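The values are calculated or read from the model by the stated rules, or taken from the named source; none is laboratory data. Computed from a prediction, not measured in an experiment: that's the story for all the values here. We place every Cβ from the backbone using ideal geometry, glycine too, and count neighbours over all the protein chains shown. Note: accessible area is taken over every heavy atom of the protein model, side chains too, but ligands, DNA and RNA are not part of it. Shrake-Rupley method; radii C 1.70, N 1.55, O 1.52, S 1.80 Å.
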Amino acid sequence: MISFRNFSIKQQLIGVILLVSGLSLLLAGVILIIDNHLSAQKALQRNLVILAQVVGINSTASLAFNDPDSATKNLAVLKVKPDIDAAAIYSKNGTIFAVYYKDSSLTGFIFPSTLEQVPQLQKNQSELVAPILLENEKVGTLAIVYNTQELSEHLKEHVLIVMIVLLASVFTAFFLSNSLQEIISKPIEQLAKTAHQLESTNKELDAFSYSVSHDLRAPLRAINGFSLILREEYEPRLDAEGKRLIDVIRGSVQKMDQLITELLAFARLNKQMLQKAPLDMTLLVQEAFNDLKSLESDRKITFLLESLAPSDGDAAMISQVWINLLSNALKFTQTRSHAMIEITSSATSTEMLYRIRDNGVGFDMKYVHKLFGVFQRLHNDEEFKGTGVGLAITERIIKRHGGRIWAEGQPEKGATFTFALPLTRRPT
Amino acid sequence: MFYLLIISFFLETIGVVCVQASPLSEYQVKAAFLYNFGKFITWPETVLPASGNQFKLCILGNDPFDNRLTLMMQGKTIQGKPVLVTPMQEIPELNSCHLLFISPSEQGRLAEIFRSLKGSNTLTVGEMPGFLEKGGMIFLYIEDNRVQFNINTNATSGAHLKISSQLINLVKAEGE
């Protein structure tokens, strides 16, 4: 099947215009034809009924005085109306009295000799039967067989006219829309082009950062390996300063390795498919907190977790979001003698909000724009360890879920991170 | 001007049906005509007012209808009036009739009859030779085994009787 989407915007626009104008014209044409045909049919019938009445009234004397000759003369008047193929007058007792044939050899129609017999009408023929009354007394019956061929010919003619009009209009619409569509399609095409370019540039960048991170690992592994050899094999020959310097090297190597690992995770995020499923948020948060807390079991931490509203999302990714936000909260509360972390949720009509609040060192709102940037750090490494990738990954995950994330804080007064996930409408 | 209008009658079915062969007798057909003439001829309102009254159908002389006319006209109306079939014998009373059938037995009194009817609005129907020439209005006769008749339109218009154009249209021109 050819999909509509396979065509360019220009073609789609022209197609839509042609379809709409063509269909509306067709509809109007069909209605017009039907109305015309029906009223023509009615007019013909009305005319025939009037004619039948006139002929009937004029034939009363012929019937009353049993004069078929004059009745035949009366019927012959019907030749002024070419629609009438044949006509007959039946007497009171139903036997044929007088007939008129326009051209019986042409139509092949013959009236039966009594009124009871069903006439063998030919194609396109219809019969009109009317009683002939004389002073409210039935003196006979008039039967008129008329041809509807003219009607059907008119119908054909009208159909043809409508088709021609339709074709002409569609052609006109085609040429007009062909030249006018550029007003609409040009900017869209430009936009689509830019979007396409951006997408490919983005992909290239992702691939680039992925391969760079990956390639950085090889020399790093060499530095790590050789510094380890140096530390172990040449230890007796190194003085205290030498050993310290090697430890500094090894510390930096480990930090760089972590950095590369996170960068790779960040780059990989864009390639991963989202696997959305209903999530038990409370469980996810509890698990993440338990894991992180076990590393810092000696700290005094009050963890307030209310029952969170469920939401849809990729379990692994959202779990990563909580780990990042919780470790962030734990990290920046480590200077507090009594850390406090609170997690709440609320819902709006369009999204589900999740909030994590801590009583840590906080931040200055004037740097809030730097919070989610890669390698952007508000605190120096001596104070709080970190690579500056965690929040960038967190934001990327939330955005891929169609949500948003923001932070509020004040120096020394704690920070609040809020992320919102769109509500997914579930079939009820 | 004197018109001789010949109207040929066909009975029941198309084509010529012999009067003798018809299930209807000659006088049954003629009785039906008398009735139908009433539908295509209009009498002046002075003799047939809108309200009341009867349509007086008279038979002068021997009744060729064998007294069946009364039975046939039972319940029927002419000009919207119930039909009163009246046998007549005396000439001076004839002008009260709307339609007068003059029996062949009255052949000898024709001139006297028409003289007494002068100025009246009586439609006269007869079947004796020379009926129209003597002043009669509708003459019934049989020719080619068919009932035919002539109308003397001068006489009918003299009596202020209006003959429907339909009745005239039925008529073939003389010599046809």
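Search the stretch A:73-91 for residues being of a type in the set (Gly, Ala, Ser) and within 14 Å of chain B (Cβ to nearest Cβ), and hand back the single one that is nearest to A:Ala130 (Cα to Cα).
A:Ala88
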Answer yes or no: is there a residue in the stretch A:10-23 that is surrounded by 19 or more Cβ atoms within 10 Å (Cβ to Cβ), within 14 Å of chain B (Cβ to nearest Cβ) and either touching a Ser or Thr at 6+ places or on another chain (Cβ under 8 Å) or in a helix (DSSP H, G or I) (or both).
no
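Restricting attention to the stretch A:92-99, does a residue exist that is open to solvent by 80 Å² or more (accessible area, probe 1.4 Å), within 14 Å of chain B (Cβ to nearest Cβ) and basic (Lys, Arg)? Before you say what the answer is, go through the steps one by one.
So in the stretch A:92-99, the residues open to solvent by 80 Å² or more (accessible area, probe 1.4 Å) come out as A:92-93.
Subset that is within 14 Å of chain B (Cβ to nearest Cβ): A:92-93.
Within this subset, residues satisfying the condition of being basic (Lys, Arg) are A:92.
So far as the stretch A:92-99 goes, yes, one or more of its residues are open to solvent by 80 Å² or more (accessible area, probe 1.4 Å), within 14 Å of chain B (Cβ to nearest Cβ) and basic (Lys, Arg).
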A:Leu128: passes all of (1) within 30 Å of A:Leu26 (Cα to Cα); (2) of a type in the set (A, V, I, L, M, F, W, C); (3) open to solvent by less than 60 Å² (accessible area, probe 1.4 Å) but (1)
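Give the residues of the stretch B:70-118 that are among the β-branched types (Val, Ile, Thr), within 18 Å of B:Ile138 (Cα to Cα) and modelled with pLDDT of 90 or more, sorted by residue number.
If the condition is that a residue be among the β-branched types (Val, Ile, Thr), within 18 Å of B:Ile138 (Cα to Cα) and modelled with pLDDT of 90 or more, then B:Ile102, B:Ile113 are the ones that fit.
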When only residues in the stretch A:60-72 that are free of Cβ contacts under 8 Å to residues at least 60 places away in the same chain and more than 8 Å from chain B (Cβ to nearest Cβ) count, which is surrounded by the most Cβ atoms within 10 Å (Cβ to Cβ)?
A:Ala71
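For the stretch B:16-27, state whether one or more residues are away from chain A (no Cβ under 14 Å), within 22 Å of B:Asn169 (Cβ to Cβ), open to solvent by 10 Å² or more (accessible area, probe 1.4 Å) and modelled with pLDDT under 85.
No, that holds for no residue.
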When residues of the stretch A:131-143 are filtered for being within 20 Å of B:Phe33 (Cβ to Cβ) and either open to solvent by less than 60 Å² (accessible area, probe 1.4 Å) or aliphatic (A, V, I, L, M) (or both), how many remain?
6
Looking at the stretch A:178-223, which of its residues are under 24 Å from the mean Cα position of the chain (by Cα), modelled with pLDDT of 85 or more and open to solvent by less than 60 Å² (accessible area, probe 1.4 Å)?
A:Ala192, A:Ala195
Filter result (at pLDDT 85 or above and hydrophobic (A, V, I, L, M, F, W, C)) within the stretch B:41-50:
B:Ile41, B:Trp43
Of the conditions (1) at pLDDT 90 or above; (2) part of a helix (DSSP H, G or I); (3) open to solvent by 40 Å² or more (accessible area, probe 1.4 Å), A:Ile398 satisfies every one except a single condition; which number is it?
(3)
Filter pass, B:Asn53 being farther than 24 Å from A:Ala61 by Cβ, modelled with pLDDT under 90 and surrounded by 15 or more Cβ atoms within 10 Å (Cβ to Cβ)
yes
Please go through (1) surrounded by 15 or more Cβ atoms within 10 Å (Cβ to Cβ); (2) without any contact (Cβ under 8 Å) to a residue 40 or more places away in the chain; (3) within 14 Å of chain B (Cβ to nearest Cβ) for A:Val54 and return the number of the only condition it doesn't satisfy.
(1)
Spans of strands (runs of 3 or more DSSP E) in the stretch B:58-176 with at least 2 residues open to solvent by less than 10 Å² (accessible area, probe 1.4 Å) and not acidic (Asp, Glu):
B:99-102, B:123-126, B:138-143, B:146-151
